[in-house]
Structure formats: structure tokens, C-alpha cells
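A short worksheet on the structure shown next.
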Amino acid sequence: MLEWLDQLPAAEVWFSFTATANQTSVTVSGLMQPNVVIFSGNNCVSLLAINCGSGNGTVTVTSNTFIGDTYYILVSEDLNDTRNFNMSITSRNLCDSCAPPYMLLK
């Protein structure tokens, strides 16, 4: 076996969601070492990673989002762990004076 193959994720699963608020959090739990990436873009050719995270057990990644836009989530695992996992997506609107105006409306 080639050495570099040992560094690839064991499994990848893709999801999509449409933003309902201007900030969205994705939480993944149930895997030993989950990796979570949120992408924006119009299709699989032009996706842009806007935030990512990894860790032990549970990972939460939060990104600013535009209401009505579609985003993509990649969940992978480093340790050949292909079991079921839990994912939750929560949204909230940034309405305080610290929220940049471009995040309130598109």
C-alpha cells in the first residue's frame, strides 16, 4: 500500500442546504475524528470552502450565509470510521450592531 493513501479520509458524505438565516452552524457527532467543511458555490466545479473544522467526537462549524443561497457540507472521517453519525444544522440571524450590513441582506 502506498504511504500517502493512509492519509486520505476513510469516507466522504456530501449534503446540501438552503440558508434560512444569515449565520448557520453545522454540528457533527458520533464519529471518532470528524472533518466538516462548508462550501458555497453554484455547482460541483466552482465550490469554495468558507469554513471547516475537525476534532475528536463532536465538531461544530459556523459560517455567515446568505438567505436563500444553497450551501454544501462535506463530512469525512480520518480513522476508517464508516459508522452512522448525527448532524444538525441550526440558523440564526445576526441583527445586532456588530453584524456587517452585507450579511443582513444580499
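The values are calculated or read from the model by the stated rules, or taken from the named source; none is laboratory data. Computed from a predicted structure; not experimentally measured. Here Cβ is always computed from backbone atoms with ideal geometry, including for glycine, and neighbour counts include all displayed protein chains. Side chains included, ligands, DNA and RNA excluded: accessible areas come from the protein's heavy atoms. Shrake-Rupley method; radii C 1.70, N 1.55, O 1.52, S 1.80 Å.
Some notes on this structure:
Every residue, every condition in (1) open to solvent by less than 60 Å² (accessible area, probe 1.4 Å); (2) closer than 26 Å to CYS95 by Cβ; (3) touching a Leu at 6+ places or on another chain (Cβ under 8 Å), yes or no:
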position: TRP14; (1), (2), (3): no, no, yes
position: THR24; (1), (2), (3): yes, yes, no
position: VAL28; (1), (2), (3): yes, no, no
position: PHE39; (1), (2), (3): yes, yes, yes
position: ASN43; (1), (2), (3): no, no, no
position: GLY53; (1), (2), (3): yes, yes, no
position: GLY57; (1), (2), (3): yes, no, yes
position: VAL61; (1), (2), (3): yes, yes, no
position: TYR71; (1), (2), (3): yes, yes, no
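- Considering the conditions (1) modelled with pLDDT under 95; (2) within 11 Å of the chain's Cα centre (by Cα), GLU12 is excluded by exactly one of them, (2).
- Extreme residue, farthest from GLU77 (Cα to Cα), among residues of the range 10-54 that are assigned to a loop (DSSP other than H, G, I, E, B) and hydrophobic (A, V, I, L, M, F, W, C): ALA21
Conditions tested, residue by residue: (1) assigned to a strand (DSSP E or B); (2) more than 14 Å from THR27 (Cα to Cα); (3) without any contact (Cβ under 8 Å) to a residue 60 or more places away in the chain.
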{"position": "PHE66", "(1), (2), (3)": "no, yes, yes"}
{"position": "LEU79", "(1), (2), (3)": "no, yes, no"}
{"position": "THR82", "(1), (2), (3)": "no, yes, no"}
{"position": "THR90", "(1), (2), (3)": "yes, no, no"}
{"position": "LEU94", "(1), (2), (3)": "no, yes, no"}
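- Subset of the range 73-85 [open to solvent by 50 Å² or more (accessible area, probe 1.4 Å) and either of a type in the set (Ser, Thr, Tyr) or farther than 12 Å from VAL13 by Cα (or both)]: ASP78, LEU79, ASN80, THR82
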